[in-house]
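Student: Have a look at this one.
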Amino acid sequence: ADLFFKLREKYPQLVGFKEFGGADALSYAAENITETEEELALVVGVDTQVFHGIVNCGAIGVITGIGNVLPDAVLKLYELCIEASNGIVNSRNMAFELSEALKVLSTFDEGPDLVLFYKYLLKLNGEEEYNFNFYKSDQLSLSQAKFAEKQFNIFNEWWKNWQQNH
């Protein structure tokens, strides 16, 4: 927090803070940085913390890897979290449910292979241009690819059924 405010003295155009740590880091940023001034914004920068960041920490935006692959689901999660942060009970329940359904795919954002995972999922989504890598060795292991594909299919089936019921 001290570093952010020192930087802000020199660069007053800093109006927000993207936190890409876990729940504790987001809570710290809300408690010690973005809640100090009305114009300071908190943005969630890790996929697994969208619900916590918006609902519990007052974040106003998200930057996610899985959002590039499943934009409709992540935009719905964002919308539900905003509603939940305003006290709408059903939206909170639905946001939590959707966040949990996305959890495995969102967890790819926390590891060193995140780009490879999301490029692979985009390829599974029919976007063949994501098949290109600068280095031939830049690829998921067979086990990682099979796991990602299985989880992607599980989520997509769940998402289709969930949307029909909500």
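Student: May I ask which of K18/K136; K123/K146; K18/K150; K76/K146; K76/K103; K18/K160 have a Cα-Cα span longer than 23 Å here? Spell out each step's value before the answer.
Tutor: Values: K18/K136 33 Å; K123/K146 13 Å; K18/K150 31 Å; K76/K146 27 Å; K76/K103 15 Å; K18/K160 31 Å.
Violating the 23 Å Cα-Cα cut-off are K18/K136; K18/K150; K76/K146; K18/K160.
Student: Among I60, P71, V44, whose Cα projects farthest towards the positive end of the dipole of segment 1-107, with charges put on the beta-carbon of Lys, Arg (+1) and Asp, Glu (-1)?
Tutor: P71
Student: According to the square roots a ≥ b ≥ c of the eigenvalues of the Cα gyration tensor, what is the shape class of segment 7-59, taking rounded for a/c under 1.5, prolate for a/b larger than b/c otherwise, and oblate for the remainder?
Tutor: Details: a/c = 2.24, a/b = 1.86, b/c = 1.20.
Prolate shape, in that a/c is at least 1.5 and a/b is the bigger ratio.
Student: Moving on to the next point. Taking θ as phi - 60°, what are the ³J(HN,Hα) couplings along segment 94-100 by the Karplus curve (6.51, -1.76, 1.60), each to the nearest whole Hz, with x for Gly and Pro?
Tutor: Using θ = phi - 60°, the values come out as 5, 5, 4, 4, 5, 4, 5 Hz.
Student: When the accessible area of the chain is split by element with a 1.4 Å probe, what percent falls to carbon and sulfur?
Tutor: The C+S portion of the solvent-accessible surface of the chain is 53 percent.
Student: Whose amide H sits under 5 Å from the amide H of D113, counting only residues 5 or more places off or on another chain, with H placed in the peptide plane?
Tutor: none
Student: For E149, what charge total do you get from the other residues with a beta carbon under 14 Å from its beta carbon, if Lys and Arg give +1 and Asp and Glu give -1?
Tutor: Result for the neighbourhood of E149: +3.
Student: While we're on this one: In terms of modelled amide H atoms, which long-range or inter-chain residues lie less than 5 Å from the amide H of G65?
Tutor: Long-range HN contacts for G65: D47.
Student: Residue by residue through segment 27-34, which ³J(HN,Hα) values in whole Hz follow from phi under the Karplus form 6.51 cos²θ - 1.76 cosθ + 1.60 (θ = phi - 60°), with glycine and proline marked x?
Tutor: Per-residue couplings from phi come out as 4, 4, 4, 5, 5, 10, 10, 6 Hz.
Student: Collect residues whose amide H, placed 1.01 Å from N in the peptide plane, falls under 5 Å from the amide H of K18; neighbours closer than 5 in sequence don't count.
Tutor: Under 5 Å from the amide H of K18 lie the amide H atoms of V43, each far enough along the sequence or on another chain.
Student: Going by average Cβ neighbours within 10 Å, how do the peptides 12-20, 81-89 rank, with the highest at the top?
Tutor: 81-89, 12-20
Student: For helix 142-165, what angle does its Cα long axis make with the longest principal axis of the chain, in degrees from 0 to 90 and rounded to 10?
Tutor: Result, in degrees: 70.
Student: A follow-up question, please. Express the accessible area of segment 2-117 per residue in Å², computed with a 1.4 Å probe while the remaining protein chains stay in the model.
Tutor: 53
The values are calculated or read from the model by the stated rules, or taken from the named source; none is laboratory data. Predicted model, so just to flag it, every value in this text is computed and none were measured. Cβ: placed from backbone, ideal geometry, glycine included. Neighbour counts: every protein chain shown. Side chains are part of the model used for accessible areas, which takes the heavy atoms of the whole protein and leaves out ligands, DNA and RNA. Shrake-Rupley method; radii C 1.70, N 1.55, O 1.52, S 1.80 Å.
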